[in-house]
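Quick note: the coordinates plus some simple rules give every number you see, no bench work behind them. Quick caveat: nothing in here was measured; it's all calculated off a predicted structure. Here Cβ is always computed from backbone atoms with ideal geometry, including for glycine, and neighbour counts include all displayed protein chains.
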Amino acid sequence: MSSLSFSTATVELLSTADIEAVVEIERLSNSHPWTERNFHDALASGYLCLIARDHGAVSGFAVARLLVDEAELLLIAVTPAMRRQGVALLLWIELAERLQGSGARTVHLEVRESNLSAQAFYRTRGFAQSGVRPKYYPNGTRDSEREDAVLMQVLL
Ligand SMILES: CC(C)(COP(=O)(O)OP(=O)(O)OC[C@H]1O[C@@H](n2cnc3c(N)ncnc32)[C@H](O)[C@@H]1OP(=O)(O)O)[C@@H](O)C(=O)NCCC(=O)NCCS
């Protein structure tokens, strides 16, 4: 497979040996994180799962699924200490190239309304808001507290 280099990081396909490291980044990055099982299921379902590796350690990951010519970016996260160093950018470049190569014409995603850093990142990649899904995300422990999802989309 091809691998892109940026600074000291490289991007490669996720293998089961790296799921534990990915789950740890996910835990540090999301209030309702995917579990190890979710990542195993994603691999078994043929989702595109990429990791960035830096000095041997996993520094970020991204998961997308493709349905005919539409892809959905399900997850992207970078370990907190490695943020703002271009790791997500590197993951996105490889992800978009692979999705396009598999026939994707658009990529869409959902992001918490309060997650302004992720929205800022997506805008740098050409994503624009395409809608809002009211009260989509659980928020806190009470079911009544829910947060809107901002829908974003980009043409590849
Ligand atoms: C969103 C996230 C993946 C970005 O990862 P990253 O590796 O820090 O992003 P990059 O360094 O590649 O950023 C590229 C550009 O995106 C924009 N950007 C990234 N993070 C930003 C932030 N916190 N605030 C404003 N702009 C930001 C900037 O323009 C940045 O370029 P610059 O650093 O030269 O200004 C990371 O903040 C993260 O893991 N967040 C927690 C998980 C998450 O929210 N995932 C998305 C769920 S939908």
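Pull out a ≥ b ≥ c, the square roots of the eigenvalues of the alpha-carbon gyration tensor of segment 107-156, then state rounded if a/c is under 1.5, prolate if not and a/b is larger than b/c, and oblate in the remaining case.
Working: a/c = 3.58, a/b = 2.14, b/c = 1.68.
Because a/c hits 1.5 or more and a/b exceeds b/c, segment 107-156 counts as prolate.
Computed over segment 5-155, the alpha-carbon pair-distance distribution with 10 angstrom bins reads 11, 40, 39, 9, 0, each value a whole percent. Less than 14 Å Cβ to Cβ from Met152, Lys/Arg counted +1 and Asp/Glu -1: what total charge do the surrounding residues give? Here the count lands on -1.
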